[in-house]
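In what follows, a structure is listed as structure tokens, so that the remarks can point back to it.
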């Protein structure tokens, strides 16, 4: 990856202190998304490693992961699979509940979204502690599909999310 382009992408991300609560520095990607050139570069960088991996499905985590997941699926000629919060999918689902800093959450995927033959690329905008991504990987594995990679636009390195995902091929474009 081109270091200059990565820095240009990084420069497009707005930092908002004390959001959503005091002490948190929020990395706002809406400024990158609004820049057509940078958004396109980000999508191309997220997809480039998988062009020769015969990805059959791209799964993405609600909600910002959808922004990248659908476009990457299109670029890879793959299907798109949304991973949603509980109660948002209308057909039979697999689900996984996982712990958050304060409480828990549940993610779901349609039971017929993936097959054991599928090669899945999991995409999300941000890797923080890794809890959501790990839960999503386990959810995908309930269908017996193979995860060929997990891609993030941003990784917050100091939160050590990679340690939870050590059993998977993980990559991020921008590190803070």
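Please verify whether residue 124 is surrounded by fewer than 18 Cβ atoms within 10 Å (Cβ to Cβ), in contact with a helix residue (DSSP H, G or I) (Cβ under 8 Å, 6 or more places away or on another chain) and part of a strand (DSSP E or B), treating the condition exactly as stated. Answer is no for this residue.
So for region 90-99 (the condition being in a strand (DSSP E or B), over 16 Å from the mean Cα position of the chain (by Cα) and closer than 29 Å to residue 45 by Cβ), does at least one residue qualify? Yes, region 90-99 contains a residue that is in a strand (DSSP E or B), over 16 Å from the mean Cα position of the chain (by Cα) and closer than 29 Å to residue 45 by Cβ. Looking at this structure, is residue 37 over 16 Å from the mean Cα position of the chain (by Cα), surrounded by fewer than 19 Cβ atoms within 10 Å (Cβ to Cβ) and either in contact (Cβ under 8 Å) with a residue 40 or more places away in the chain or closer than 17 Å to residue 173 by Cα (or both)? Yes. Scanning region 6-45 for residues that are out of contact with any helix residue (DSSP H, G or I) (no Cβ under 6 Å at 6 or more places or on another chain), under 20 Å from residue 157 (Cβ atoms) and assigned to a helix (DSSP H, G or I) yields 6, 7, 8, 10, 11, 45. Can you tell me which residue in region 46-58 is nearest to the chain's Cα centre (by Cα), limited to those that are more than 18 Å from residue 128 (Cα to Cα) and not in a loop (DSSP other than H, G, I, E, B)? So the residue we want is 58. Candidates in region 133-176 are the residues that are touching a residue at least 40 places away in the same chain (Cβ under 8 Å) and within 19 Å of residue 111 (Cα to Cα); of these, the one that is nearest to the chain's Cα centre (by Cα) is 133. Number of residues in region 150-169 that are within 18 Å of residue 64 (Cα to Cα) and surrounded by fewer than 21 Cβ atoms within 10 Å (Cβ to Cβ): the value is 2. If a residue has to be in contact with a strand residue (DSSP E or B) (Cβ under 7 Å, 6 or more places away or on another chain), farther than 23 Å from residue 45 by Cα and either part of a loop (DSSP other than H, G, I, E, B) or at pLDDT below 95 (or both) to count, how many in region 133-176 make the cut? Selection size over region 133-176: 3.
Per this entry, residue 100 is counted among residues that are out of contact with any strand residue (DSSP E or B) (no Cβ under 9 Å at 6 or more places or on another chain) and within 30 Å of residue 12 (Cβ to Cβ). If you go through region 100-121 and pick out every residue that is part of a loop (DSSP other than H, G, I, E, B), farther than 24 Å from residue 72 by Cα and at pLDDT 95 or above, you end up with 0. Check region 69-81 and report whether any residue there is in contact with a strand residue (DSSP E or B) (Cβ under 8 Å, 6 or more places away or on another chain), part of a loop (DSSP other than H, G, I, E, B), buried (at least 18 other Cβ atoms within 10 Å of the Cβ) and touching a residue at least 12 places away in the same chain (Cβ under 8 Å). Yes, region 69-81 has at least one match. Among the residues making up region 117-132, those that are out of contact with any strand residue (DSSP E or B) (no Cβ under 8 Å at 6 or more places or on another chain) and without any contact (Cβ under 8 Å) to a residue 40 or more places away in the chain are 128, 129, 130.
The values are calculated or read from the model by the stated rules, or taken from the named source; none is laboratory data. All values reported here derive from a predicted model rather than from experimental measurement. Using ideal geometry, Cβ is built from the backbone for each residue, glycine included, and neighbour counts are taken over all protein chains shown.
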